[in-house]
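Input: a single structure, listed below in structure tokens.
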Amino acid sequence: NELRFDKNTAASAINYLDRVLSKSKTTPELLQVVALACMSIASKQQEPCPLSGQHVLEIFSEITTPADLRTAECNALFALEWDANTCTPLAFIDMFLALVSDAGIAAQLRQTAEDFFDVALAGEYPRD
């Protein structure tokens, strides 16, 4: 995770990408740009240091330019109907765990939820 984004940022970006792709078609060549636009939107919502034009130039120059990314962000927000408010699985767990009075149990449950999330995000499921 070169950008050091929070897991909730990744979950939001995945949610946005899923919703954008369900409403609009994209070519395989532009899929990475659309995904990066969704990550950029999520980072602006949740990160203290969101994805910047400089990051795009340094890390993603083979994929897109800052100007093209801004255009893709606008298109994604239009497809989302500007509804970038999403409840991620980990945000839900945090709200749920606020009701647990034992901090030790809450921490264990949070870690278990994060472990499940990591497995789901990686797409690598343990086999029996």
Look through the range 48-63, keep the residues that are closer than 17 Å to Thr9 by Cβ, open to solvent by 30 Å² or more (accessible area, probe 1.4 Å) and of a type outside the set (Val, Ile, Thr), and return whichever of them is nearest to the chain's Cα centre (by Cα). Pro50
Is there a residue in the range 12-33 that is β-branched (Val, Ile, Thr), in a loop (DSSP other than H, G, I, E, B) and more than 20 Å from Thr88 (Cα to Cα)? yes
Can you tell me how many residues in the range 64-74 are open to solvent by 30 Å² or more (accessible area, probe 1.4 Å) and under 25 Å from Asn85 (Cβ atoms)? 3
Going through the range 15-47 one residue at a time, which ones are open to solvent by 50 Å² or more (accessible area, probe 1.4 Å) and free of Cβ contacts under 8 Å to residues at least 24 places away in the same chain? Asp18, Leu21, Ser22, Lys25, Thr26, Thr27, Pro28, Glu29, Leu31, Lys44
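Matching residues to (1) part of a loop (DSSP other than H, G, I, E, B); (2) open to solvent by 80 Å² or more (accessible area, probe 1.4 Å); (3) more than 30 Å from Ser24 (Cα to Cα):
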position	(1), (2), (3)
Leu77	no, no, no
Ile93	no, no, yes
Val100	yes, no, yes
Ala106	no, no, yes
Arg110	no, no, yes
Ala113	no, no, yes
Kindly evaluate Asp102 against the criterion of being of a type in the set (D, E, K, R) and under 21 Å from Gly123 (Cα atoms). no
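The values are calculated or read from the model by the stated rules, or taken from the named source; none is laboratory data. What you see is a predicted model, and the numbers here were worked out from it, not measured in a lab. So basically every Cβ, Gly included, is an ideal-geometry build from the backbone, and we count neighbours across all protein chains shown. Accessible surface is based on the protein model in full, side chains and every heavy atom, while ligands, DNA and RNA are left aside. Shrake-Rupley method; radii C 1.70, N 1.55, O 1.52, S 1.80 Å.
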